[in-house]
Amino acid sequence: MKTYLECIPCFARQAVEAVQLATPCEEKQVEFIQKLLEEISQFDLSLPPPHIGQKIHRLIKETTGNTDPYQKIKERINREALALLPHLRQKIKESDDPFEMAVRYSIAGNIMDSAAKGAIGTEEIERDILDATSPPLDKEEVAHLKEEITKAKSILFLGDNAGEIVLDRLLIEKMPREKITYVVRGAPTINDATFEDARASGITELATVIDNGSDAPGTILGDCSEDFQRRFWRSDLIISKGQGNYESLSDVRHNIFFLFKVKCHVVEKEIGLPVGSLVVKGQKYKTKGEK
């Protein structure tokens, strides 16, 4: 997916919020914004948005010296998501289709995205997650995902945000865990999940966890470690959480299921579903030897 002109105001808003988190020093904030304004003219809009997001957040770190401006936010939303788990597990247990309900809650966790919206309040998180039973969901795609999980010998599950990673546990608990390798970012970027968040969320107790070696707010394959790239291409199935992973992998030819919430009108145009939709979208490409 390319970057659209409409993405630029979102990047600017995100950058201001991030630099204010990174440093209270107004002089450094202004220095960063001035550097960013120079960089904007050089942005290659043919690349997916996570490429540009990576440049912005690297520049913030270089300017302020703060390597993880969102650390406190991540700690808070991890705690809030963990507090919801017992209630959500009970709802899944009572559901007519526990797998679909686990998918819904996992996707609903994608609301915890500081890139799309900086101020994520506790009430908003609870409301959106608890309301996950309401929005339409493509049941055929959910059934297809379940079938592919059964068939796959190896599954790479790409995580997205802190907090959201907690709710991914609900879906992993409905999957054959021995097949799963869960992936987090290689270094902090926005409120995306790192290995520390995987440990705090309890994911490390359910599945093998690795990082992708990259600090992009998505999965830019060429920027990831060689080990991650080998695992990616050798995996039978990729489960890709979040809008940033969709933006960076939507043109990749592999067996990928994208699970995310539509949070902006640019993605709405790309995918043909309105803002607020819960998305399960599979793309299956033939590999060598298939007929």
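Okay, residues lined up against (1) basic (Lys, Arg); (2) crowded, with 17+ Cβ neighbours inside 10 Å:
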{"site": "Tyr4", "(1), (2)": "no, no"}
{"site": "Val16", "(1), (2)": "no, no"}
{"site": "Lys35", "(1), (2)": "yes, no"}
{"site": "Asp44", "(1), (2)": "no, no"}
{"site": "Arg58", "(1), (2)": "yes, no"}
{"site": "Thr64", "(1), (2)": "no, yes"}
{"site": "Lys74", "(1), (2)": "yes, yes"}
{"site": "Ala81", "(1), (2)": "no, yes"}
{"site": "Leu84", "(1), (2)": "no, yes"}
Go through the stretch 19-54 and give me each residue that's over 18 Å from the mean Cα position of the chain (by Cα) and under 13 Å from Ile190 (Cβ atoms).
-> Val19, Leu21, Ala22
The stretch 12-33, residues that are touching a residue at least 24 places away in the same chain (Cβ under 8 Å) and charged (D, E, K, R) = Arg13, Glu17, Lys28, Glu31
Kindly establish whether Thr204 is in contact with a helix residue (DSSP H, G or I) (Cβ under 7 Å, 6 or more places away or on another chain), closer than 22 Å to Glu75 by Cβ and either surrounded by fewer than 16 Cβ atoms within 10 Å (Cβ to Cβ) or hydroxyl-bearing (Ser, Thr, Tyr) (or both).
-> yes
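For (1) in contact (Cβ under 8 Å) with a residue 24 or more places away in the chain; (2) assigned by TED's automatic domain parsing to the domain that holds Tyr246, each residue gets a yes or a no:
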residue	(1), (2)
Pro48	yes, no
Ile60	yes, no
Ile77	yes, yes
Ala83	no, yes
Pro98	yes, yes
Has the stretch 180-188 got any residue that is in contact (Cβ under 8 Å) with a residue 24 or more places away in the chain, over 21 Å from Glu247 (Cβ atoms) and touching a strand residue (DSSP E or B) at 6+ places or on another chain (Cβ under 8 Å)?
-> yes
State yes or no: is Asp215 part of a helix (DSSP H, G or I), at pLDDT 95 or above and of a type outside the set (A, V, I, L, M, F, W, C)?
-> no
Residues of the stretch 9-58 being of a type in the set (A, V, I, L, M) and more than 18 Å from Ser114 (Cβ to Cβ), in sequence order, are Val30, Ile33, Leu37, Ile40, Leu45, Leu47
Of all helices (runs of 4 or more DSSP H) fully inside the stretch 71-158, the set with 2 or more residues that are farther than 17 Å from Gly242 by Cβ and acidic (Asp, Glu) is 71-94, 122-130, 139-151
Scan the stretch 91-129 residue by residue and report those that are surrounded by fewer than 16 Cβ atoms within 10 Å (Cβ to Cβ) and at pLDDT 85 or above.
-> Lys93, Glu94, Ser95, Asp96, Asp97
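The values are calculated or read from the model by the stated rules, or taken from the named source; none is laboratory data. This is a predicted model, so every value here is computed, not measured. Every residue, glycine as well, gets a Cβ built from its backbone with ideal geometry; the counts of neighbours run over all protein chains shown.
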